[in-house]
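Asks: Take this structure, written in structure tokens, and hold onto it; I'll ask about it next.
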Amino acid sequence: MGESVTPPSQARLGKRNMRRRLEILGIAVALFVCGVFVLLAANWPFTREATTRSLEQVSLSQVRIGHFQKTFFPNPGYIASDVTFSRGSNATAKPIAIIGKIVCRATWPSILTFTHRINRMNLEHVRVSIPPQVPPAIRRHPASKIKTTVSELFANGAVLEIAPRHEGAQTMRFDFHELALSNLAANKPVHFRTLARIPTPSADLQTYGTFGPLKRGDVAATALSGSFQLRQGDLSSYKMIGGIFTAAGRFKGTLGRVELAGTTQIPNFEVTSARHPLALSAEYETIVNGTSGDVTIASAAVHFLDSTLSAQGSISGRHGKTVSLDVDTRAGRVQDLLRLFVSSDKPPLKGVINFHAHVVLPPIHERFLKKVRLDGEFDITGGEFVKPGSQRKVDELSARASGKKALIKTMGGPPRVSSEWKATVRLRDAVARMSNATFAVPGAVSRGSGTYDLPRQAINLAGHLVMDASLSKAASGVKSLLLIPLDPFFKKRGAGAVVPVRVMGTYSHPRFKASLREHN
């Protein structure tokens with residue numbers, strides 16, 4: 001049997017039906033596309049008005065856009081130029097922020113599905129200027145939930161300037177070589193990555209972490225965590241000290257209470273007046289109030305040579321920051337401390353030192369030594385002078401005071417002795433006032449008080465030298481005979497002799513004087 005053949009009339013009818021269906025489908029698609037375009041046109045998110053409103057809601061400021069351009073291909077978005085953010089009623093007030101250009105890019109799938117997501121925003125030539133008194137927020141639009149999410153925001157090259165709040169201080173400038181934020185959305189934490197040059201101390205600061213979600217009603221309660229690294233830090237801005245340092249650590253908590261722990265390495269730390277660089281390292285735990293800038297130093301340990309200093313305290317204040325520290329060392333080496341502060345090649349004294357000091361540095365515009373205040377006490381055991389001549393005088397004093405003056409003229413001289421030192425110190429206006437000062441060697445103890453002028457290195461100490469031996473036995477030659485009649489007058493409280501003494505001159509060239517009568 002042969003194959004069946006469709007009649008021509010039926011074939012033509014089938015083709016007409018197919019064309020009709022395609023025409024109906026085309027019309028439906030066209031109507032749908034037109035409807036989508038009408039809907040997009042009515043709800044297009046990237047208009048000048050919508051962008052201005054969005055920026056004003058986020059910044060709580062008045063926003064002006066100099067030039068605005070919509071973009072459609074290959075990505076929907078916009079380019080806004082000369083964008084300013086202002087606060088206050090004064091029309092001539094300086095803007096608190098200026099952005100040279102904003103390039104915003106979304107995707108067509110997010111636009112067509114009406115998803116409020118921006119894939120990428122690039123901010124160029126950003127400059128933020130914080131005045132001494134920040135103007136109040138401007139709420140130009142009814143409070144509403146911000147629906148837009150920004151996947152990535154970059155503001156490399158941004159500059160932040162913070163004007164000083166008190167007279168005489170300098171503007172702080174932060175240069176952000178890198179500034180990247182991701183996942184910017186309402187009620188979600190923001191991830192950040194920054195590399196910035198900070199002003200004081202000058203250093204490159206790199207941070208990674210999360211911030212938020214922002215608590216608008218209580219900014220201090222906003223969560224914050226991450227890690228940091230400081231490189232190429234320069235201490236020379238403090239003038240009194242110098243050195244290049246690195247630091248690293250982690251932080252966590254809230255903006256009002258950030259717990260920060262880290263370490264610092266300074267291979268060439270120095271006090272500039274002494275110019276003796278040495279390696280220094282430190283570990284610390286602090287609590288930082290990010291809203292006020294106040295810092296609580298929970299613990300800090302500073303290591304250098306064979307000594308360690310520990311410290312606790314705070315850096316706080318509304319009108320300038322006051323530094324308040326309690327500093328301690330136990331079984332440190334006095335030569336290590338002196339190495340920091342004396343300019344001679346070798347420290348003049350060595351021994352074991354213990355001390356405690358309360359140090360206050362108020363925010364006044366004076367030289368460091370004039371404004372620093374210190375109250376403390378110290379004791380030195382096993383003290384020995386490095387210069388042979390100075391130590392020999394101490395050895396001879398001990399021999400005479402012990403009644404063993406004959407040893408002075410022996411071949412080896414008197415035996416080498418160590419000394420003990422104690423004092424309470426009060427430093428004000430660059431003058432240290434010492435009380436309850438004690439200097440002791442075998443056979444003799446000197447007690448007194450006086451002052452030490454730090455800028456002039458001038459010494460003025462007066463007291464009494466108590467010896468085991470009498471005056472006549474401590475003296476030599478004809479003096480010993482002449483002093484025998486005076487021995488009874490200088491015997492006090494069971495001592496062989498009590499003699500008024502005075503130390504004057506300078507730190508480098510002290511003058512010691514004993515007297516047979518009381519000082520005026």
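The values are calculated or read from the model by the stated rules, or taken from the named source; none is laboratory data. Remember, it's a predicted structure, so these values are computed and weren't measured experimentally. Methodologically, a virtual Cβ is constructed for each residue, glycine included, from the backbone with ideal geometry; neighbour enumeration extends over all protein chains shown. The accessibility values were calculated without ligands, DNA or RNA, using every heavy atom of the protein model including side chains. Shrake-Rupley method; radii C 1.70, N 1.55, O 1.52, S 1.80 Å.
Asks: Under a plain spin-label model, where a point goes 7 Å from the Cα along Cα-to-Cβ, how far apart in nm are Lys215 and Asp379?
Replies: In this crude spin-label approximation the distance works out to 4.8 nm.
Asks: Sticking with this structure for a sec: Hey, rough spin-label estimate for Ser59 and Phe512, points 7 angstrom out along Cα→Cβ, what's it come to in nanometres?
Replies: 7.3
Asks: Can you give me the solvent accessible area of Asp326 with a 1.4 Å probe, rounded to the nearest 10 Å²?
Replies: Result for Asp326: roughly 60 Å² accessible.
Asks: With all protein chains present and a 1.4 Å probe, how do Glu56, Glu49 order by accessible area, largest first?
Replies: Listed by decreasing accessible area, they come as Glu49, Glu56.
Asks: How big is the dipole moment of the stretch 300-399 about its Cα centre under a simple scheme where the beta carbon of each Lys and Arg is +1, that of each Asp and Glu is -1, and everything else is neutral? Debye, nearest 20, please.
Replies: 460
Asks: Contour minus end-to-end for Asn436 and Glu283, with contour as 0.36 nm per residue of separation and end-to-end as the Cα-Cα distance?
Replies: So the extension gain works out to 51.7 nm.
Asks: Testing the spin-label approximation: label points 7 Å from Cα along Cα→Cβ at Tyr208 and His358. State their distance in nm.
Replies: 4.4
Asks: Between Asp328 and His141, what length in nm is gained on full extension when 0.36 nm per residue of separation is reduced by their alpha carbon distance?
Replies: Going from the current span to full extension adds 61.7 nm.
Asks: Just the accessible area for Arg333, please: 1.4 Å probe, Å², rounded to the nearest 10?
Replies: Surface open to solvent at Arg333 totals about 80 Å².
Asks: On to the next question. May I ask for the net charge around Gly389, where only other residues with Cβ less than 14 Å from the Cβ of Gly389 are counted and Lys, Arg are +1 while Asp, Glu are -1?
Replies: Result for the local shell: +2.
Asks: With +1 on each Lys and Arg Cβ and -1 on each Asp and Glu Cβ, how big is the dipole of the stretch 148-289 about its Cα centre, in debye rounded to the nearest 20?
Replies: Here the size comes out at about 240 debye.
Asks: Additional query: Evaluate the charge dipole of the stretch 42-101 about its Cα centre and quote only its size in Debye, nearest 20, assuming +1 on the Cβ of each Lys and Arg and -1 on the Cβ of each Asp and Glu.
Replies: 80
Asks: Next up: Quote the FRET efficiency, to the nearest 0.05, computed for Val386 versus Met172 with a Förster distance R0 of 45 Å and r equal to the Cβ-Cβ distance.
Replies: The calculated FRET efficiency here is 0.55.
Asks: Using protein chains only and a probe of 1.4 angstrom, how many square angstrom of Phe439 are accessible, to the nearest 10?
Replies: It works out to around 40 Å².
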